[in-house]
1. Once every Cα of the range 121-254 carries one equal point scatterer and solvent is ignored, give the base-10 log of I(q)/I(0) from the Debye formula at q = 0.11, 0.16, 0.18 Å⁻¹, two decimals.
2. Please report, in whole Å³, the volume per residue of the convex hull around the C-alpha atoms of the range 31-132.
3. Each residue of the range 456-469 in turn: what ³J(HN,Hα) in whole Hz from Karplus with 6.51, -1.76, 1.60 and θ = phi - 60°, glycine and Pro shown as x?
4. In terms of modelled amide H atoms, which long-range or inter-chain residues lie less than 5 Å from the amide H of residue 186?
5. Provide the packing ranking of 402-414, 586-598, i.e. peptides ordered by the mean count of other C-beta atoms within 10 Å per residue, highest first.
6. Under a Cβ-only charge scheme (Lys and Arg +1, Asp and Glu -1), can you give me the dipole magnitude of the range 146-258 about the Cα centre, in debye to the nearest 20?
7. What are the ³J(HN,Hα) couplings of the range 59-72, residue after residue, when phi is run through the Karplus curve with 6.51, -1.76, 1.60 and θ = phi - 60°? Round to Hz, x for glycine and proline.
8. Any chance you could get the radius of gyration and Dmax over the Cα atoms of the range 577-624, in Å?
Amino acid sequence: MGLPSFDVSMILIMVLYLLGFLNLTSAAVPNYRVHYCTNDTTYTPNSTYQVNLSYLLSSLSSNATREGGFYNATAGQTPDTSTYGLFLCRGDLSTDACRDCVAFAATEIVRVYCPVEKVAVIWYDECMLRYSNRSIFSTMQERPGYFMWNTRNATQPDQFRRLAVSTLNDLVPRAANATSGAKKFAVKAVTNASGLQELQTLYSLVQCTPDINSSDCSTCLREAITSLPKCGPCDGKQGGRVLSPSCNVRFETYPFYLTQSAAAPAPTPIPVLLPPARGKDKISTLTIVIIVASIAVSLVIISLSYCFQRRKARKKKPNALPKENANEITTVESLQFDFATIEAATNKFSDDNKLGGGGFGEVYKGTFPNGQDIAVKRLSGSSEQGAEEFKNEIVVVAKLQHRSLVRLLGFCLEGREKMLVYEFVPNKSLDYFLFGPDKQRLLDWPSRYKIIRGIARGILYIHEDSRLKVIHRDLKASNILLDEEMNPKISDFGMARLFGVDQTEGNTNRIVGTYGYMSPEYAMQGQFSAKSDVYSFGVLVLEILSGKNNASFYESDTAVDLLTYAWKHWSNGTSFELLDPTLGDSYATNEVIQCIHIGLLCVQENPDDRPTMASIVVMLESYSVTLPTPEKPAFFLQGGLNQSSRPTKELESDRSSSKSIPLSVDESKITEVYPR
């Protein structure tokens, strides 16, 4: 019995089905890499600027099918409400892939990453999108810039580095001198060269936005290429890249752009002598079987090759965070450092580099080969709670970017080693200056007022303006770091809790924090909310004003706490006696009264009576705001307090269970913090 014959239409249906399957296999959400947005300029929801930004993003999305893979546009009629934007797709992408990436970026950048910021840039593997409240067209911009690198080491690092740099430099003229209107884009694949292993290929890419001129494109690319060897963690790696608003460069030992070598070649067709056709619409069964089988095999091979290359491109080190949190920190490949890099930077964790330590482990100062100073928090390998804090801190801090927050540069996770890598903040912590008798005079009133306002903006950001809603739960003077200009940076998010968008408070049976800074509803009932951080901020404000540690009052002869002390002076009309004597008369009267008033509003017993951080920032920015009258602070004491009746150090409740809260991260044990 012979095989049945098929209509040509049936063959086409089968081929289309297989092509559809291939399309489903290869379609993917763009690969997010990094974003940047600044809180220096923000807009109000439902404002004219937001409307114009929506029009702009819509325009960019609708023009993403242009052949050039680039488009810029403006929306708005007045300088104050106008917004300027552009996108750049990787030069090898199809118009459909470009459209998909731009549409996704235009949605996600305002929905997830930069909801109220006027200046923003976001990079994916496939495209870059940016906008600003000032014109950004035809102007080279290298900042912000980001390094990224492959975590695998080159076998011959010196030769490989020279090959990568020379190959990228060779591509610069091709990209920069492209004809007007053409893509400023060039790629190159090199094999059998010094520095490469046998059968290894080096793939390189450079690209500029087409709106800048040839000279600026060349300058941008050359400087990016020159900076690669100076990036300490990038050196000697099998891949690296530099991302900036006007250009980008990249090299890898696997094909990361579309090229014939990126997919396995289809097998050579077997020559078949076809018999004469029997009719207009009929083909022999044997021919049909051969055609369909060849197409199916080819498409399956292409699909499998594509998937293999995708997995290879995303390959990470074997040590990773637990599954539930892995996707939270691996979206930016440059976050991960290898142990050897950190060990070298800290001089093998020498005692001379040690900044401090505690139950969680030690903190070391380090320096990368490019001269960048870092602070490394090395968690104790035997500390179970330390591992939890490590997980919590990365998940939270990696998503938070604000000038008043300490910046997480990366992490190391190899075997039992768990380390967090932060920017190095040279002036230690606020308590070092505030409570040190020899250091208090270095904090004049302008510095203290700037610190108060900076802390307020940082807390407002984590409460309301970041993509996450975060309750810090351990705000205190030792967790406020000071940079070289005495700007405050909030640190240590190991105790932080994530809240859902509409969530206002949470409950826990595990109390973590520091007495003296903990709100009464949290310390006694385990209830915490944004108002818990407001309470801690109020204590900080009163400490900054007085130069006195809230805990020191427990050991004083007066036997009253700082809140009681401040309230009595406020009630008696002697508020200025609260001030640190080292300030002398060098302060602004209205600012001091305003800060004392705000501090007392924050430490009221009823959380509902405390202002929000948004209100506090407005109070600090304007003298025309009428402040409500504060009530007696929580823990207000009429008489003395025995030192032993209240602890002065960090504590953890001996109750061990915790309730489930949406988007929460398990609490960690109280620890020392960097730099303490």
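1. Log10 of I(q)/I(0), two decimals: -0.38, -0.77, -0.95.
2. Measuring per residue, one finds 82 Å³ for the Cα hull of the range 31-132.
3. With the stated coefficients, the range 456-469 comes to 4, 5, x, 5, 4, 4, 6, 7, 10, 9, 8, 5, 10, 9 Hz.
4. Close amide H contacts, sequence-distant or interchain: 206.
5. 402-414, 586-598
6. My answer is approximately 60 debye.
7. 5, 4, 5, 6, 9, 7, 9, 5, 5, x, x, 8, 6, 10
8. Using the Cα atoms of the range 577-624, the pair Rg, Dmax is 12.4, 36 Å.
Rule-based calculations on the coordinates, nothing more; no lab input. Quick caveat, the model's predicted, so the values are computed rather than measured. No Cβ is skipped: glycine too gets one built from the backbone with ideal geometry, and neighbour counts run over all protein chains shown.
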